[in-house]
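Have a look at the structure that comes next, please.
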Amino acid sequence: MGSAESGGGAAGGPRQTPLIEEHRRLGGRLIEFAGWELPVWYSSASEEHAAVREAAGLFDIGHMGVLEIAGERADVFLEAVTTAEVARIEIGRCHYTFVLDPTGLPIDDIIVYRLAAERFLAVVNAANHERVWAWLTGFDERPELRDLTDPTAGPERLCGMALQGPASARVLAELADGADLAAMRRFAFVEATVAGAPALVSRTGYTGERVGFELFAHPERAPHLWRAILAAGAPHGVLPAGLGARDSTRIEAGLPLYGHELAGRHEITPLGAGYERFVAIDKPCFVGREGLLERERQRRCEVVRFRLDGGGARAIRAGDPVASRRGEMVGWVTSCALAGERQVGMAWVQRGAARAGAELLLYPARQAERSVALSDLALLRLGDRLPLHEGATVLPRFPR
């Protein structure tokens with residue numbers, strides 16, 4: 001895993017997806033993310049965010065891991081190592097789930113695809129790719145496991161991209177042969193030919209859009225497929241989109257990022273993140289079940305979604321403190337981004353402050369560092385900078 005042949009950059013540098021030259025051709029601003037060189041934006045994060053909501057945005061997800069789990073008792077294995085009821089996943093369907101460690105903390109959140117009775121794919125986060133691989137291959141009794149992003153997968157290698165937004169079905173309908181993508185249900189997938197390239201196409205995504213697709217094709221076909229989608233999508237307003245819009249759209253939709261709203265410094269479990277429906281807690285046994293239940297008994301906080309009350313507010317960042325309307329410290333911001341004219345975000349707060357409609361006070365840490373503490377009023381002088389806050393309101397955990 002992680003060889004230069006599979007997309008590595010210069011020795012010691014970030015790895016590159018098969019779409020790196022497309023990003024350069026389009027003028028994408030490249031940054032390092034999870035060990036990969038990826039575009040943060042092409043025009044601007046706000047313009048690309050708007051394109052996703054109003055038309056569609058095309059994202060490079062070639063940094064994501066794709067693992068194959070196949071062979072005898074593959075379903076039993078996944079039943080034991082994920083929080084999903086794998087037996088209930090139909091062929092041609094996929095399911096969002098979690099891989100937990102024995103203490104109940106997520107190793108990763110993944111999507112499991114059922115290709116056949118005993119053949120599955122798991123799409124894993126780039127930052128946790130090697131960790132998940134090491135975890136799954138560490139079991140003595142396991143089915144056959146293959147990393148389909150590794151060069152050793154040969155003609156079965158896969159590289160992903162995501163077309164997200166209301167125009168995505170119309171655009172792909174112009175390019176796909178032998179598949180009615182517009183009629184697909186959410187969390188369904190098909191094998192289709194798109195712009196002449198064989199691809200696995202799923203109605204999934206990480207932007208909160210009701211219509212959106214993720215496509216997995218061989219790395220050699222990925223640049224052609226990328227260009228074909230952008231060409232077909234141009235009349236519909238489709239834009240290439242980078243990590244900035246990927247972050248702002250997922251925050252606006254309340255979707256977690258590993259290390260922020262899952263695991264991380266606050267050791268957030270799927271239950272604390274608001275994902276009870278993706279944990280089959282009544283399953284008799286899965287790795288991490290008892291640890292998860294113990295953490296749940298001790299949990300005092302939960303993830304909330306919020307919107308700042310006014311536009312033009314100072315930037316709020318992950319780690320900034322959160323207080324109640326009365327000024328009592330109740331938690332920390334976990335993610336925040338500009339969505340439209342106002343910032344939206346998520347925070348890890350005490351349950352008493354988590355109800356929709358509750359008022360919060362957010363303190364930008366950079367501003368606080370330049371402010372004078374109020375612990376000794378006698379030391380205050382005219383011209384001192386006092387700590388300020390930004391008002392925010394708790395939203396329903398997920399958009400309706």
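The values are calculated or read from the model by the stated rules, or taken from the named source; none is laboratory data. None of the values given here were measured: they were computed from a predicted structure. Neighbour counts run over all protein chains shown; Cβ positions are idealised from the backbone, glycine included. Heavy atoms of the whole protein, side chains included, go into the accessibility calculation; ligands, DNA and RNA do not. Shrake-Rupley method; radii C 1.70, N 1.55, O 1.52, S 1.80 Å.
Just one of Phe286, Phe278 is in contact with a helix residue (DSSP H, G or I) (Cβ under 9 Å, 6 or more places away or on another chain) and within 18 Å of Leu105 (Cβ to Cβ); which is it? Walk me through how you get there before you give the answer.
Values: Phe278 fails: in contact with a helix residue (DSSP H, G or I) (Cβ under 9 Å, 6 or more places away or on another chain).
Exactly one of Phe286, Phe278 is in contact with a helix residue (DSSP H, G or I) (Cβ under 9 Å, 6 or more places away or on another chain) and within 18 Å of Leu105 (Cβ to Cβ), namely Phe286.
Restricting the search to segment 134-185, which residues are open to solvent by 70 Å² or more (accessible area, probe 1.4 Å) and either in a loop (DSSP other than H, G, I, E, B) or among the charged types (D, E, K, R) (or both)?
The answer is Asp140, Glu141, Arg142, Glu144, Glu156, Arg170, Glu174, Asp177, Gly178, Asp180, Arg185.
Among the candidates Glu294, Glu290, Glu220, which residue alone is open to solvent by 60 Å² or more (accessible area, probe 1.4 Å), at pLDDT 95 or above, of a type in the set (D, E, K, R) and outside any helix (DSSP H, G or I)?
Just one listed residue meets the conditions, Glu220.
Also: Among the residues of segment 273-283, is there at least one that is surrounded by 22 or more Cβ atoms within 10 Å (Cβ to Cβ), under 18 Å from the mean Cα position of the chain (by Cα) and within 30 Å of Ala50 (Cβ to Cβ)?
Yes, segment 273-283 contains a residue that is surrounded by 22 or more Cβ atoms within 10 Å (Cβ to Cβ), under 18 Å from the mean Cα position of the chain (by Cα) and within 30 Å of Ala50 (Cβ to Cβ).
Now, a different point. Would you check which residues across segment 225-276 are hydrophobic (A, V, I, L, M, F, W, C), more than 17 Å from Gly319 (Cα to Cα) and assigned to a helix (DSSP H, G or I) and list them?
Leu225, Trp226, Ala228, Ile229, Leu230, Ala231, Ala232, Ala234, Leu243, Ala245
Counting just the residues of segment 86-107 that are within 25 Å of Gly259 (Cα to Cα) and part of a loop (DSSP other than H, G, I, E, B), which one comes out least open to solvent (accessible area, probe 1.4 Å)? Spell out how you get there, then give the answer.
Within segment 86-107, the first condition is being within 25 Å of Gly259 (Cα to Cα), and the residues that meet it are 94-107.
Those left that are additionally part of a loop (DSSP other than H, G, I, E, B): 101-105.
On the way: Asp101: 29, Pro102: 87, Thr103: 68, Gly104: 0, Leu105: 25 Å².
Across segment 86-107, the extreme among qualifying residues is Gly104.
Let me ask something else about it. Write out, first by first residue and then by second, each pair whose Cβ atoms fall under 6 Å of each other, whose residues are 6+ apart or on separate chains, and whose first residue, in segment 188-199, is of a type in the set (S, T, N, Q) while the second is at pLDDT below 95 and part of a strand (DSSP E or B).
Thr193/Asp177
Okay, moving on. Hey, Glu296 hits all of (1) over 29 Å from Val211 (Cα atoms); (2) touching a helix residue (DSSP H, G or I) at 6+ places or on another chain (Cβ under 7 Å) but one; which does it fall short on?
(2)
While we're looking at this one, here's another question. When Arg203 is evaluated against the numbered criteria (1) open to solvent by less than 10 Å² (accessible area, probe 1.4 Å); (2) free of Cβ contacts under 8 Å to residues at least 60 places away in the same chain, which criterion, by number, is the only one it fails?
So the condition that Arg203 fails would be (1).
Which number in (1) more than 32 Å from the chain's Cα centre (by Cα); (2) modelled with pLDDT of 70 or more; (3) of a type outside the set (Phe, Trp, Tyr) marks the one condition that Asp384 misses?
The number of the failed condition is (2).
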